[in-house]
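Since the structure comes first, as structure tokens, the remarks are kept for the end.
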Amino acid sequence: MRAMIRKEFRELARDRRTVGLLVGMPLLLLVIFGYAANFYVDSVETAVVGPQASQLADTLPDVFDVTTTAPSDGQDAARDLLRDDEVDVAFVTGDATTLALVDGSNLFAAQSAVAAIKASGADLDLEVLYNPDLTTAWVMVPAIIGLILTFIGTIITSIGLVREREAGTLEQLAVMPIAPSTVILGKITPYFLLAALDMVIVTVLGMVLFDVPFNGSVLTFALGAAIFLFVVLGIGVFISTISKTAGQAIQSAFFVLLPQILLSGMIFPLEAMAAGVRWIGYLLPLTYFTKISQGVMLRGAPLSSLWVSFAVLTVMAVVIFTAATLRFRRDLAPERRSTGAAAESGDDTPGDDTPGDDTSSNDTSSNDNSSNDNSSNDNSNDDNPNDDAARTTGDVA
Amino acid sequence: MSRATGPVVEARGVSRRFGTFTAVDDVTMHVEPGEVVGLLGANGAGKTTLMRMLLGLLPTSAGAARMLGGPPNRARRKRLGYVPQNLGLYTDMTLTENLEFVAGSYGTPVPALPDEIAGYARTLVGAMPLGAQRQAAFCAALSHAPEAVLLDEPTSGVDALARARLWDTIREQSDAGVGVLVTTHYMQEAQQCDRLLLMSHGRLVAQGSEADVVGDTRACAVRTDDWAAAFSALNAARLPVILDGRAVRVADVDLDDVRATLARAGLEADVEAVPATIEERMLVLARAAG
């Protein structure tokens, strides 16, 4: 049994991805749950409008972080601020009783705000907009839509691409007279369509089962989803270029998926996270898609008020998709690279363009390319036992 | 479409290094139209790496790989057929679906199935016997009437009958003017080639007919009743011994050395010098460099 245990450790140590999972995952979870797992929002962005705005702003409890004070504005302006997600709470002064407007689409901030208003005992009218009953499902369903798109885009797409590599058909595709861009587009179009179909199903089911409203423009929503899909499909293509097997692709996709679930604001509110963790959330595409889907579905927010999220996702889509397809292209059209490399014999860096697998530098030991690559290439001849069963070759030391 | 008149594939001083390891070292070779060229060599000799460079699947570190009169590119690859060792078929699709995909990609009609595999039209390729899979891969690779065909170990793992059929197909192609480059381990197959190239440790060490490749390498044929003991004794002496059926042969070693080794082991045997086979030549080369 000791031999077995030692063998297992040796294999594990060689598999950097699994070591990463073993070491990185506990750290990630610890950090996330330590710093990010907090449902209580202790600082709610607040606007105060109307004639007595300044006076009221001074008397509000600490939880209300007044970012906008506009004595000349009225209720309509306050509602716009909420719809555009500029603030989570708006107090409208001027009438006999002050009106408190709360953005219910930002669930945890809204809960904090409502609790604080009720605790203060102040005499004011309270109106929760967009999600009057503060139903969790209403904010969850738009986020889940993004999660499903992420799932299909990263895991399913990367498996689909890695399968070609595993089966050796990628090489056949490279030999065929198909343009690399055709291969890539032909590969991802089905996943794009399937993801879109899935999204429609989940959206409709969410509306039917949980009465989630769809207040905004379907077109805006579809545009956001399409851009987001390019981001996640790009991630999927990228994962496939750094994975040799479906198992590796799933492991890598897991690294991408888990932070998105925990840090995109889908489960834990971004506002409640420690600043050190929150910035990770702002790097994740799902964060921005969730803002768009919640904005459109619940608040009926127009494109103009969501432009920041659209812009960030567009940049991400262009960068990631381009990088991923360029990387993928290397496997399909090596002669493009060779034109320069072939002219000068000395510039062939070890670790680059290895036979049959351009990606080995990322997973297994990248420093022993010579032996490794040779085995992945010519040694595939090995497993043909010699022709005549009785013919044996002697010691070839 | 004009057929190439020059070589269908050509390597001019081609090398390929992976880090410090040189997989292919300054190889110059070519295949003419209508010619079947066998590429021989032990495992790791660089056969597949050379073939991948000829196809443009792998950049060269030095030298130039050419196909159909120019550097490998998409337009030229359209006139070329390739059967990789792993066949490159989709095992989760049926034979017909695979051929439809290939035909669609080349913009050619779906080829008719050869009689031997016609019964598998609706079978998943993964469920077909290996021999039939190889025939299917041939069918796919030849469906667009290529001018050059590159076959990497085309008959490994198939039975003798299926292998004979595949060679019929190869011959049909070369008779029609197609240039064929085929890597193989099997010596009977090497004998069916018009010309042989022998690689060892990345270098092209011999070429021409079987006799050219073997050169003046000799072998000792050992005839004895106790062939097992003779094999063990010679192997223990670290001589390049080969067991061919029950005949013991030693490549490129002095007759007296063999006799002395056998005598020390107390074995009586009749030892005779004979011309070496290609396999023995390969064994000698592998030992020389290893």
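Worth a mention:
- Residue in the stretch B:37-51 that is within 19 Å of the chain's Cα centre (by Cα), farther than 25 Å from A:Leu332 by Cβ, more than 13 Å from chain A (Cβ to nearest Cβ) and crowded, with 19+ Cβ neighbours inside 10 Å present: yes
- Exclusive hit being under 30 Å from A:Ile261 (Cα atoms) and more than 29 Å from the chain's Cα centre (by Cα), set A:Val49, A:Val63: A:Val63
One line per residue, one yes/no per condition, for (1) in contact with a Gly (Cβ under 7 Å, 6 or more places away or on another chain); (2) closer than 15 Å to B:Glu35 by Cα; (3) buried (at least 20 other Cβ atoms within 10 Å of the Cβ); (4) at pLDDT 90 or above:
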| site | (1), (2), (3), (4) |
| --- | --- |
| B:Leu161 | no, no, no, no |
| B:Asp175 | no, yes, no, yes |
| B:Thr184 | yes, no, yes, no |
| B:Cys193 | yes, yes, yes, yes |
| B:Leu196 | yes, yes, yes, yes |
| B:Gly202 | yes, no, yes, yes |
| B:Glu210 | no, no, no, no |
| B:Ala219 | no, no, yes, no |
| B:Ala237 | no, no, no, no |
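- The residue that is farthest from the other protein chains (Cβ to nearest Cβ), among those in the stretch B:213-244 that are of a type in the set (Asp, Glu) and under 19 Å from B:Ala286 (Cβ atoms), is B:Asp216.
- Only residues that are within 23 Å of the chain's Cα centre (by Cα) and either without any contact (Cβ under 8 Å) to a residue 12 or more places away in the chain or farther than 21 Å from B:Glu210 by Cβ (or both) were counted across the stretch B:245-287, and they come to 1.
- Top-ranked residue in the stretch B:104-125 [being over 21 Å from B:Pro154 (Cα atoms), part of a helix (DSSP H, G or I) and not polar (S, T, N, Q); ranked as farthest from the other protein chains (Cβ to nearest Cβ)]: B:Gly104
- Test: residue in the stretch B:127-138 that is under 19 Å from B:Gly34 (Cα atoms) and either away from every other protein chain (no Cβ under 14 Å) or buried (at least 23 other Cβ atoms within 10 Å of the Cβ) (or both): yes
- The condition (being free of Cβ contacts under 8 Å to residues at least 60 places away in the same chain, closer than 30 Å to B:Thr49 by Cα and hydroxyl-bearing (Ser, Thr, Tyr)) is satisfied by just one residue among B:Ser200, B:Ser209, B:Ser232: B:Ser209.
- 3 or more residues in the same structural domain as B:Met282 (by TED's automatic domain parsing) and at pLDDT 90 or above: qualifying strands (runs of 3 or more DSSP E) within the stretch B:23-83: none
- Residues of the stretch A:167-185 that turn out to be β-branched (Val, Ile, Thr), part of a helix (DSSP H, G or I) and facing chain B (nearest Cβ under 7 Å), as a count: 2
- Selected residue (only one of B:Glu268, B:Glu280, B:Glu272 is crowded, with 18+ Cβ neighbours inside 10 Å and either at negative phi or more than 10 Å from chain A (Cβ to nearest Cβ) (or both)): B:Glu280
For (1) within 30 Å of A:Arg83 (Cβ to Cβ); (2) among the charged types (D, E, K, R); (3) not in a helix (DSSP H, G or I), each residue gets a yes or a no:
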{"residue": "A:Leu147", "(1), (2), (3)": "yes, no, no"}
{"residue": "A:Ile159", "(1), (2), (3)": "no, no, no"}
{"residue": "A:Val162", "(1), (2), (3)": "no, no, no"}
{"residue": "A:Arg165", "(1), (2), (3)": "no, yes, no"}
{"residue": "A:Tyr191", "(1), (2), (3)": "no, no, no"}
{"residue": "A:Val208", "(1), (2), (3)": "yes, no, no"}
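- Look at (1) surrounded by fewer than 17 Cβ atoms within 10 Å (Cβ to Cβ); (2) free of Cβ contacts under 8 Å to residues at least 40 places away in the same chain; (3) under 19 Å from A:Glu127 (Cβ atoms) and you find that A:Asp65 fails only one, number (3).
- With respect to being within 14 Å of B:Glu97 (Cα to Cα), hydrophobic (A, V, I, L, M, F, W, C), touching a strand residue (DSSP E or B) at 6+ places or on another chain (Cβ under 7 Å) and at pLDDT 90 or above, B:Leu142 falls outside the description.
- Just one residue in the set A:Ile145, A:Ile117 is outside the structural domain of A:Ala249 (by TED's automatic domain parsing) and under 30 Å from A:Tyr40 (Cα atoms); that residue is A:Ile117.
- Hits in the stretch A:33-47 (condition: outside any loop (DSSP other than H, G, I, E, B) and of a type in the set (Val, Ile, Thr)): A:Val44, A:Thr46
- Residue match in the stretch A:187-194 (condition: under 16 Å from B:Gly104 (Cα atoms) and within 14 Å of chain B (Cβ to nearest Cβ)): yes
The values are calculated or read from the model by the stated rules, or taken from the named source; none is laboratory data. Since we're looking at a predicted model, the values are computed, not measured. Virtual Cβ from ideal backbone geometry, glycine too; neighbours counted across all protein chains shown.
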